[in-house]
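Undergrad: Right, I'll just put the structure down here and ask away after.
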Amino acid sequence: MKPQILIVGAGPTGLVMAYNLARHNISFRIIDRNEGPGQASRAMAILPRTLEFYQQFGFADEVIDRGIKMEDVYVRVKNKIKAKVHLGSLGEGLSPFPFVLTFPQDDHERFLLEKLKNLGIEVEWKTELLSLAEHGEGIKTLLKAQQEETAYFKYICGCDGAHSTVRKQMNIEFKGEKYKQHFYVMDVHGSGEVMKDQKISISFSNEEFLICMPVRSKGTYRMIGIIPSALLDQNDIKAENIQTFLQQTFGAEIENINWFSTYNIHHRVASRFRQGRIFLSGDAAHIHSPAGGQGMNTGIGDAINLSWKLAAVLQHKAALSILDTYEEERLPFAELLVNTTDRAFKRIELILLCLNLFIFVYNFETTWRCFC
């Protein structure tokens, strides 16, 4: 059967798109320019709505068994616990999965790939989309693997990330900007109060903050923070420098670094999610602050929304106009999400400012009393 849809990008968004199309017996190809699935944990949080989708697929329990439930969040100031927030029953009564689960993206992708393989579907790795153009009642594409290939499809789903080739080929504006802060992220083995009891820890110390959470049951922890001001002048920030900083500032005893990266956060939304027979989903359509762990989950929501509608149209179960509702529903949601996470991110800055003010006043008051 000739493939009707081309999915570009085999991250979680593209893989869920593929799985749902396969469930509806829609023929497609899924390609990715990389050699294989990701090798780092990257996005980790799986939210209740995503687990509800996976329940429809019949494998929510398998995902839960492979992940770690986030029951509690500890807030520390200068390495002393100041607050504890229990998340275990936060969504009770609203979802059959009233919790946040951590499941590293590399493990997540391999899990989805295995589910696709069970359906007889393989991702075409090391395959790149070079160009696309609407052609009659379909789309003409130029693909490149070992050699170039011209292929025709009825629809294209661009799930190819923040630097989306599909979006660029469509000349769709990616409105937004980047935050001024420069972040680090690392996955480590280690010990210390911030890595205790498989909990989320949010620690503050003067102008610095650290988010630490368990990544895998085998004892790996994700650490996220802003590059310390003392290191900002360095052209090449080394993991060892951050390791020393974390030990001195937060008492984190890091034994081994599995992954380290520095990055800037952008908040952007594509001006449209559809152009004719071509659609954008996931990071190709929207990127934002990681506050709340919404990014990957929103992309999966895009994939579910679009895939069943494409299937319904191709199987003549719904009018073509139903495809208009994809952008109508998902673009405003993405804009709302970007605005919400932006406010949440800025609140972190405000908290740091308030903590610094509190510490300054406290120190001033103490010094003044001693002087008097």
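Undergrad: Looking at Thr341, Thr366 in this structure, which one is touching a Pro at 6+ places or on another chain (Cβ under 9 Å), among the β-branched types (Val, Ile, Thr), within 30 Å of Asn206 (Cα to Cα) and modelled with pLDDT under 95?
TA: Answer to the selection: Thr341.
Undergrad: Could you check the stretch 72-90 and list, in sequence order, the residues that are at pLDDT 80 or above and surrounded by 14 or more Cβ atoms within 10 Å (Cβ to Cβ)?
TA: Once the filter is applied, which keeps residues that are at pLDDT 80 or above and surrounded by 14 or more Cβ atoms within 10 Å (Cβ to Cβ), the stretch 72-90 yields Asp72, Val73, Tyr74, Val75, Arg76, Val77, Asn79.
Undergrad: Related question: Please give the strands (runs of 3 or more DSSP E) falling wholly within the stretch 219-298 in which 2 or more residues are farther than 30 Å from Ser321 by Cβ.
TA: Qualifying strands (runs of 3 or more DSSP E): 220-226, 253-270.
Undergrad: Specify which of the listed residues (Gln198, Gln146) is modelled with pLDDT under 95, over 30 Å from Gly67 (Cα atoms), more than 18 Å from the chain's Cα centre (by Cα) and part of a loop (DSSP other than H, G, I, E, B).
TA: Going through Gln198, Gln146 in turn, the sole match is Gln146.
Undergrad: A follow-up question, please. Against the definition (out of contact with any Asp or Glu (no Cβ under 6 Å at 6 or more places or on another chain) and in a helix (DSSP H, G or I)), how does Leu132 come out, yes or no?
TA: Taking the combined requirement at face value, the residue does not satisfy it.
Undergrad: Right, here's the next one. Taking Glu177, is it touching a helix residue (DSSP H, G or I) at 6+ places or on another chain (Cβ under 9 Å) and touching a residue at least 60 places away in the same chain (Cβ under 8 Å)?
TA: For Glu177, the condition - touching a helix residue (DSSP H, G or I) at 6+ places or on another chain (Cβ under 9 Å) and touching a residue at least 60 places away in the same chain (Cβ under 8 Å) - is not met.
Undergrad: Please enumerate the residues belonging to the stretch 231-263 that are closer than 17 Å to Glu208 by Cβ and among the charged types (D, E, K, R).
TA: Result: Asp233, single match.
Undergrad: Can you tell me which residue among Glu114, Glu134 is over 21 Å from Ala22 (Cβ atoms) and of a type in the set (Asp, Glu)?
TA: Glu134
Undergrad: Now for a separate question. Restricting to the stretch 248-298, and then to whatever is open to solvent by less than 20 Å² (accessible area, probe 1.4 Å) and of a type in the set (Gly, Ala, Ser), can you tell me which residue is nearest to Val194 (Cα to Cα)?
TA: Once the filter is applied, the top-ranked residue is Ala252.
Undergrad: Can you name the number of the only condition in (1) closer than 15 Å to Ile300 by Cα; (2) surrounded by fewer than 21 Cβ atoms within 10 Å (Cβ to Cβ); (3) among the hydrophobic types (A, V, I, L, M, F, W, C) that Ile46 fails?
TA: The single condition Ile46 does not satisfy is (2).
Undergrad: Right, something else. In the stretch 123-143, what residues are open to solvent by 50 Å² or more (accessible area, probe 1.4 Å) and within 23 Å of the chain's Cα centre (by Cα)?
TA: Matches in the stretch 123-143: Glu124, Trp125, Lys126, Glu128.
Undergrad: What's the number of the condition Lys115 fails, among (1) in contact with a strand residue (DSSP E or B) (Cβ under 8 Å, 6 or more places away or on another chain); (2) over 22 Å from Phe260 (Cβ atoms); (3) crowded, with 19+ Cβ neighbours inside 10 Å; (4) not small (Gly, Ala, Ser)?
TA: (1)
Undergrad: Conditions: (1) within 30 Å of Thr220 (Cα to Cα); (2) touching a Phe, Trp or Tyr at 6+ places or on another chain (Cβ under 9 Å). Asn118 meets all but one. Number of the miss?
TA: With respect to (1) within 30 Å of Thr220 (Cα to Cα); (2) touching a Phe, Trp or Tyr at 6+ places or on another chain (Cβ under 9 Å), Asn118 is out only on (2).
Undergrad: Please tell me if Ile172 is of a type outside the set (S, T, N, Q), in a loop (DSSP other than H, G, I, E, B) and open to solvent by less than 60 Å² (accessible area, probe 1.4 Å).
TA: yes
Undergrad: A further question follows. From the set of residues in the stretch 175-195 that are open to solvent by 10 Å² or more (accessible area, probe 1.4 Å) and assigned to a helix (DSSP H, G or I), which is farthest from Gly276 (Cα to Cα)?
TA: The extreme case among them is Glu193.
Undergrad: Out of everything in the stretch 1-43 that is at pLDDT 95 or above and in contact with a Pro (Cβ under 8 Å, 6 or more places away or on another chain), what residue ends up being surrounded by the most Cβ atoms within 10 Å (Cβ to Cβ)?
TA: So, considering only residues that are at pLDDT 95 or above and in contact with a Pro (Cβ under 8 Å, 6 or more places away or on another chain), the one surrounded by the most Cβ atoms within 10 Å (Cβ to Cβ) is Ala10.
Undergrad: Looking only at the stretch 187-243, filter to residues that are in contact with a strand residue (DSSP E or B) (Cβ under 7 Å, 6 or more places away or on another chain) and acidic (Asp, Glu); which one of those is farthest from Arg76 (Cα to Cα)?
TA: The extreme case among them is Asp187.
Undergrad: Let me ask you something else. Somewhere in the stretch 230-247, is a residue in contact (Cβ under 8 Å) with a residue 40 or more places away in the chain, buried (at least 16 other Cβ atoms within 10 Å of the Cβ) and within 26 Å of Val338 (Cβ to Cβ)?
TA: Within the stretch 230-247, none of the residues are in contact (Cβ under 8 Å) with a residue 40 or more places away in the chain, buried (at least 16 other Cβ atoms within 10 Å of the Cβ) and within 26 Å of Val338 (Cβ to Cβ).
Undergrad: Considering only the stretch 156-169, state which residues are open to solvent by 10 Å² or more (accessible area, probe 1.4 Å) and of a type in the set (Ser, Thr, Tyr).
TA: Thr165 - this is the single residue of the stretch 156-169 that is open to solvent by 10 Å² or more (accessible area, probe 1.4 Å) and of a type in the set (Ser, Thr, Tyr).
The values are calculated or read from the model by the stated rules, or taken from the named source; none is laboratory data. Not measured: the values here are computed from a predicted model. We place every Cβ from the backbone using ideal geometry, glycine too, and count neighbours over all the protein chains shown. Note: areas computed on protein heavy atoms with side chains; ligands, DNA, RNA excluded. Shrake-Rupley method; radii C 1.70, N 1.55, O 1.52, S 1.80 Å.
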